[in-house]
1. How do the peptides B:277-283, B:376-382, A:58-64 rank, highest first, by the average count of neighbouring beta carbon atoms within 10 Å per residue?
2. Might you work out the accessible area of B:S397 for me, using a 1.4 Å probe with all protein chains in place, and round it to the nearest 10 Å²?
3. Helix B:535-545 sits at what angle to the longest principal axis of chain B, using alpha carbons and giving 0 to 90 degrees rounded to 10?
4. Quick one: compute the contact order of chain B, relative version, from alpha carbon pairs under 8 angstrom and 6+ residues apart, as a percent.
5. For A:12-21, what's the mean count of beta carbons from other chains sitting within 10 Å of each residue's beta carbon?
6. So what does B:S402 come to for accessible area, using a 1.4 Å probe and Å² rounded to 10?
7. Kindly report, to the nearest 10 Å², the accessible surface of B:Y243 as traced by a 1.4 Å probe over protein heavy atoms only.
8. Note down the magnitude of the dipole of the range A:2-99 about its Cα centre, charges +1 on Lys and Arg C-beta and -1 on Asp and Glu C-beta and zero elsewhere, to the nearest 20 debye.
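The values are calculated or read from the model by the stated rules, or taken from the named source; none is laboratory data. Model, not experiment: these values are computed from the prediction. Here the Cβ is made from the backbone with ideal geometry for all residues, glycine too, and neighbour counts use every protein chain on show. Accessible surface areas use protein heavy atoms only, side chains included; no ligands, DNA or RNA. Shrake-Rupley method; radii C 1.70, N 1.55, O 1.52, S 1.80 Å.
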Amino acid sequence: MFKYRLTFSKTGYAKYVSHLDLMRMFQRAFKRAELPIAYSNGFNPHQKISIAFPLPLGVTGTKEYMDVELTESLLFSELIERLNNALPTDIRILDAHIPEIKTSQIKWAAYSVDLELKHPISNLAQKIQNVLEQPTLIVDKKTKKGVAETDIRPMIHTVQIHQKSDIEVKLNLLLSCADGSNLKASTLIDALKKYLDGFETDRININRDGLFLENQTEIF
Amino acid sequence: MRIEDIEKFLLEVQKPARYIGGEMGSVVKPFDDTPCKVAFCFPDTYEIGMSHLGMKILYHMINTRKDSLCERVFAPWIDMEEKMRENNIPLFSLENKRAVSEFDLIGFTLQYEMCYTNILNMLDLASVPLLAKDRTDGPFVCVGGPCSYNAEPLADFIDFVMLGEGEEIFNEVIDAFISWKSSGKKREDFLQQIAKIPGIYVPKYYDVEYYNDGTIQSIQKNTENAADRPQKRIIKDMSSVFYPETMIVPFTEIVHDRIMLEIFRGCTRGCRFCQAGIIYRPVREKSVDRICALAEKLIKNTGYDEISLSSLSTSDYSKLEEMTARLLEITQNKKVSLSLPSLRVDNFSMDLMKKVQAVRKTGLTFAPEAGTQRLRDVINKGITEEDLMHSMNLAFSNGWNSVKLYFMIGLPCETLEDVLGIAELADKVVDCYYDSVPKGKNRGVRVTVSTSTFVPKPFTPFQWDPQDEIDSIVSKQRALKEKISRRQITYNWHESKVSFLEAVFARGDRRLGKVLLKAHEMGCKFDGWNETFDFDRWMHVFEVTGIDPHFYANRKRAFSEILPWSHIDVGVSDAFLIREREKAENAQTTPDCRNGCTGCGATVLGGGACV
């Protein structure tokens, strides 16, 4: 078996495609591309494809990872080209390499969030800063057992705030992304809504920029 | 607001992937530079509409033309509609996300009557005037599909109807549109021009007069260019006609999420209740070579792992064995499964089922339609109890232990004995299981009996018959339920109230236009859906519009009566339909017309096996 790690982007309207639908889409794309994909053994054989830390619905991603197994070795360039020809335009394969580190080693996810507020807030950046510097940030967060009040403060590594106006702001976030302590960018926005008076969003664009190891280097 | 602003609320609605487009196989062309822009509208949700074969064919066909584009439009579900109205977002197409009002032709496919209010709602969401007479510019609204053979209830709202199969006529309409557009002539001139195209029916070119008792006195054309009796179009050569070599592969799961491969059109059986069996005449098959070539391309281009053969009666394909053998060779290689729906009880082949099973085991469904031999003869179903038991025995001895049986209640000439006969037949199927399977191997059997309410349809021998009253249907369902006692049998029945409305609109006339308009104003939509269908509201609509629905559904019509669709020619003659109705009365059967022409009249269409 030949293992490959593909880097891909999911942009535009494809952000409304759920993880399950995305997986099915990739399975069909491998068939369309007639790539020698490996199948699992068993009663219901399935293609050996796995995606690390699926994107939440509504979030675009510009550097996502997918591991696949092929029964024959292929040139990276050929694999990328054939697959891209079989994919819808909003999903693109950007790169391929041989994986060295398991995706379970991923610890951090970087996000860019563009926000447009319904009503202007003066000193917006400072106020956001103040909220995030509180020792605890308790929000309702979905966990495996249901919705629970959780302190998300420890899951926030870095927040950079770029205020464009008193109604528009861009956030660059580095958030925990690991089994058991995964913080969605939208949950952080929920915290702002809870702690900041008058913070109501009219438009939110969230992009996941990349996934990183403990030491903040890229996975390879 | 701009259409892109749907992004503000897409995450708040169910299944947002319904509204995004961008699927593999979808075609996005430069919008403003294309001379003829067609919005293909399916008046139901994305999952239903995307499962419709006709749309797949016409979508890709129109998009192969350089001078035209075709984009898809579906009815937004209630939650999405609410958000769109709240934010002033018009009905839009999935490809270029353009307002439907920016298109040249808006085409609705009429697959079932209960979608009519959705058509009005979609036009309203598109800000296109509902009444054809109020449209002084902007797109033309047309319809096609099985219900358009009697589109009279929609006559007020549509500019024209395409009768019959669309592969040729749609191209002719587009050609006419492009030359009309460049001529700069008036809107009316376009309709006058296309009225000359065979198969085009422009409702306003026909005047309908009524007698005092509400029946029709006359239907007469009022312009020279219109045909006396517009005749449906057929494709004569199914092997050379356009068929898509790729299909849109949706992101989200749809009802029929697989390759649909059409093998033939029409049916020779002549079941008397079946509208499809008449309106798709004559039978025309695709060649085995063509089917196999298409299968290979479609597998390659879609990546689907299942092919489903499409026709009215798969096992009637003349070279069934050769075709399935060759198809299986293609599919098994590629880990693709093959399913054969619409198999008939009388020529059900275990050999075939086993081959199909080699890839994946599919459920078994049979449709005896009626519980007694007499009633099956009345409806000319052409299968005997022996046929059914033979098939059951085969299926059970080969490992199946679950079957579904479909029946209709409320058929003409039906007695209580016929209804209870359904229970007796189901009992015999259970007994057949225990007789077919040795004791050690029997795992128990499940027989699911489903009944639907019979709806008399235009262009069938039962087009003159009254539909059974709702109360009568309910009591028959109850009697049947009581008669079914064995735990191996499950009984499901369909709500007869929806069938009543179907019966009203299936055989309705133009006067129902005001009913539809009122129903739309009062919020009727998605009437085919349990969660949105509101029978009481409909009854209220009939009351305030002063229209008696029973006049359409439950009245026995005379053979001499002019029917709302009498001026439409589907090839099959009235004389044949009357002859068939009379034979039904005496439970006399008519053989499959493959075994000798039964003189239905479809030969005038000049195609298929008949000529």
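1. In decreasing order of mean packing, B:277-283, B:376-382, A:58-64 become B:277-283, B:376-382, A:58-64.
2. It works out to around 70 Å².
3. With rounding to tens, the tilt is 50 degrees.
4. 14 percent
5. Other-chain Cβ atoms within 10 Å of each residue's Cβ, averaged: 6.
6. 60 Å²
7. 10 Å²
8. 220 debye
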